Every structure is written in structure tokens, then in C-alpha cells.
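S.K.: This structure is in C-alpha cells; I'll ask about it shortly.
The values are calculated or read from the model by the stated rules, or taken from the named source; none is laboratory data. As the structure is a computational prediction, the values presented were derived from the model and not from experiment. Neighbour counts are summed over all protein chains in view; Cβ atoms, including those assigned to glycine, are modelled from backbone coordinates with ideal geometry. Side chains included, ligands, DNA and RNA excluded: accessible areas come from the protein's heavy atoms. Shrake-Rupley method; radii C 1.70, N 1.55, O 1.52, S 1.80 Å.
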Amino acid sequence: MLPPARRGRRLALPALLSLLTCSLDLKEIVFVIQSQSNSFHAKKAEQLKQSILKQSAALTQEMPTVLLLHQLAQQEGAWTILPLLPHFSVMYSRNSSWIFFCEEETRIQIVQLLETLRRYDPSKEWFLGKALHDEESTIIHHYAFSENPTVFKYPDLAAGWALSIPLVNKLTKRLKSESLKSDFTIDLKHEIALYIWDGGNGLPLTPVPEFCTDVVGSACATSLQSSLPLCGNPVKKEDIFVAVKTCKKFHGDRIPIVKQTWAGQAGHLEYYSDYADSSIPTVDLGIPNTDRGHCGKTFAILERFLNHSHDKIPWLVIVDDDTLISISRLRHLLSCYDAREPVFLGERYGYGLGTGGYSYVTGGGGMVFSREAIRRLLASKCRCYSNDAPDDMVLGMCFSGLGIPVTHSPLFHQARPVDYPKDFLSHQVPVSFHKHWNIDPVKVYFTWLAPGEEDRAREQSRRGLREEL
């Protein structure tokens, strides 16, 4: 028999839990899942929504509002969040206290989340999240805070982040008085934090230790599973055609690095250049090399893939000659997508989204196309306005006009590993990086992208599962 004190503590636990759950008010939180319309992502977002609702039902309270971002608005820039704040202000400011944003992969413990948010007075302005910071000034943040990059904190969106309704209302007033700038959206999490900070006149991020990307204890209200999506057998390497854009001046230094690192993983690979070099070999597409843009070259690659060869290969990947990519991880990732759908996949950027604009896949990290996406694109009349137009942006504009959305994956990277916070990369299994500048690209590849024990273990576990089935 337990001693009296121990027995009393044990009896008190259910009463304590009851007291806690009675004081939580779920209906004051609006959950916004940063979902996408692609069928794979929409399904994942719906699963997370059902998890939130199931946990909420167990607490026998009035159910919270759970919204899927891709269902909220048809406008191109909805994924940048800020254009939706006036809608949230109108719809939810009277009866809600918080807007809680999360990604499809975020795992939420509802009781812990409610207890965490209760520490913050909802009548005040709050911007809550797991804090990231730059270790050094980086091009993807336009070298902001170059004197001390660590000083500015911005949220890891995968851990979830929250805005109090008073802050939503304040930002809405600002949005109505001054329209969003119509320039580039490159790193959403950093740009949201910059907008809210407002040059020091606004609000900094308040770090919340319970917003986690790894489960470090039962106190975590959110967490994240760091793995590639699991959707069955990897796509066969013969089902992916890889096109490398290059030019004569880089044949001697960049192509050897491609061959030394990832080229051996590819089932089909061709190098497209302005000069036919049989020693590599390269294919001369008849498009003069341009110092920027490469739109003419990219559309020639698309035409060649669709109309002149490779008629049964479902996937095309176009990379630069200084892109570092893991084909084995890409094969796993593509198992989650249906090549019969129009898929345009990579790291999503935006241009002019505050005034219409469009989203696009930034080219350096790799652009992935399903055959169906290419077929629809080339069936349209949308083409380059010049050979040196920015190919990735023209493609984004064309696909936007066709109603084919960009499908975003944060596993593709336009920059080098040193350009991202260590805490951000620590919960990723990256697919690509870009640029050789001031790094050893071979070392970067074998550190970050080369097939390792984890990749082999994943392959063996799948093989074992297939044998069991």
C-alpha cells in the first residue's frame, strides 16, 4: 500500500487534470494550417485537422476553428499570410484571442498548447514562435543586420507560431493604410518577422520554448518528425530525367563536380550547353548562352523532353551546373506525387504578391516537373519574352496563368547550407543546395546530401515491409 502522502498525490492528479481542462478555452484559438492544394499536401493537412479536432473533442469543450490555408482564398499570395490578416480580423476578432499557424508536418499537443498560450495576456500584442537567427549575414535575407545577424529573431514555421488578435488588428490597420510592397518574397518566415518588427517600431518575436521541432520533453506543445515523406516505393531512377544547364566557360570546373558527387545516382542525365563537347558529353541546343535568365535554354529543354525523346519518363528535373542534389532522396520525395497531375515542385518564391503577381520555383535549388505539367505548359502560348529572361520567373508566370499552383518543398534550397540557421536545417532531410561560392562543394555534398546510413536504413525497412506484405 502506498504511503499516505504518495497516495494523496496520486489521487489529486485526475482532479488536477480536470481543473486544467476546465479552464482551457479552445474556441478562442483559430488554427490555420499552411496547406497546399496538391492532393498529397491537402491530404496531410486534412489529417492534421482531424488530429486537432479529435484531441479537442476529448476535452469536451466547444470545438476550435481549424482552417486550411489553400481553401481560404484563391488569391495567389495567400501563402504569404499577411494578405489574409484583414480577413482574420473581420471574421475572428470578436470571439477569438489567438491565430495559431502551423505547417502540415507540425504535430500539436492541444492541452500543452492551451496551457502555453494561457501564460500570455491575450488583450496585449504578442508574436510568439520558436526563434531562429542567422549565424552570418546571408543573401537570402538581403544581408540584413550584417553587423550582428544574431540579433534579429524570426520564427521556425514548422514549430508553429501565434499572433494575438490585438496584433492582428493592428497589422490590419497598417495593411489598409499602406499596401504591401510588390517585390520579392524569398524567405517567408524572415519577411513576416521583419514586417511585424517594422524597423523597430513594431513587435519583436517572443521565443516560446514549448514550440519545438524535436520532442525534448513532455512540455513541448508542438513537435516535428524529421524525415522524408513516406509514400511507398521510391520512384525508379529511370523515371526521372535530369537536365543540367551549363555553358562552355563552366565545362572545366563545374561539370567535374557534378560527376564527382551526384551524377552517378541519376538514371537519365544530359548536360545542355551552348557548345557541344563530346568529352562530357554536352548537347548544344542552338540557344546562345546568356549571362542571366536562360529562359530560351530552359524552354528548349522542355520542348526536347516532351516532343523529341524520353516519351515514357514521367518526371523532369532541371538544375544548374552548380546545384548539389540528392537523387536518391528526390526519388523518395516524388513517391508522394502523382505524375499524372500537373506538378511543378521546388522551393517557392513570390514576385509582386501584394499587387497580384505570381509564385515561382526558384531555379537554383532544382525545378521538378511532371510530364503533364510540361504538356499543359507547351500547349499554351506562354513563352519567354527573350532568351535571357529569368526562366524560373517566366515559368511561374505561365503556370499561374494556367491555374497550376507551385508546390512548395522546403527541402530544396536556393543557397548554401551556411546561409540557413543550423536549427532550421537540423530538422530537415535536404534534397538540394545551390552555389559553390566560398565553400567546398564536394564536402558540402558528402556532408549534407550523399546517401548515408539513414538513407540505407530507410531503404532496408521499406524492403522488409514489402517482404512482410
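S.K.: Among the listed residues Leu330, Leu316, which satisfies the condition of being within 18 Å of Leu402 (Cβ to Cβ), modelled with pLDDT of 95 or more and open to solvent by less than 30 Å² (accessible area, probe 1.4 Å)? Give the derivation first.
M.R.: On the way: Leu330 fails: within 18 Å of Leu402 (Cβ to Cβ).
None of the others qualify; the one that does is Leu316.
S.K.: Restricting attention to region 198-219, and to residues there that are over 25 Å from the mean Cα position of the chain (by Cα) and open to solvent by 50 Å² or more (accessible area, probe 1.4 Å), which single residue is farthest from Glu105 (Cα to Cα)?
M.R.: Of everything passing the filter in region 198-219, Asn201 is farthest from Glu105 (Cα to Cα).
S.K.: Hey, another quick one. Is there a residue in region 148-161 that is acidic (Asp, Glu) and either part of a helix (DSSP H, G or I) or farther than 26 Å from Phe100 by Cβ (or both)?
M.R.: No: zero hits.
S.K.: Test each condition in (1) modelled with pLDDT under 95; (2) within 30 Å of Pro314 (Cβ to Cβ) for Asp214 and report the one that comes out false.
M.R.: (2)
S.K.: Among the residues of region 250-280, which ones are open to solvent by 60 Å² or more (accessible area, probe 1.4 Å), in contact (Cβ under 8 Å) with a residue 24 or more places away in the chain and either basic (Lys, Arg) or part of a helix (DSSP H, G or I) (or both)?
M.R.: Gln260
S.K.: Return the residue satisfying two criteria in turn: it lies in region 29-58 and is open to solvent by 50 Å² or more (accessible area, probe 1.4 Å) and aliphatic (A, V, I, L, M), and of such residues it is nearest to Met91 (Cα to Cα).
M.R.: Selected residue: Ala57.
S.K.: Kindly establish whether Val283 is in contact with a Gly (Cβ under 6 Å, 6 or more places away or on another chain) and in a strand (DSSP E or B).
M.R.: Answer is no for this residue.
S.K.: Exactly one of these conditions fails for Ser123: (1) open to solvent by 60 Å² or more (accessible area, probe 1.4 Å); (2) among the small types (Gly, Ala, Ser); (3) under 25 Å from the mean Cα position of the chain (by Cα). Give me its number.
M.R.: Here Ser123 meets the rest and fails (3).
S.K.: Residue by residue through region 170-196, note down the ones that are in a helix (DSSP H, G or I), in contact (Cβ under 8 Å) with a residue 40 or more places away in the chain and surrounded by fewer than 16 Cβ atoms within 10 Å (Cβ to Cβ).
M.R.: Scanning region 170-196 gives a single hit, Lys176.
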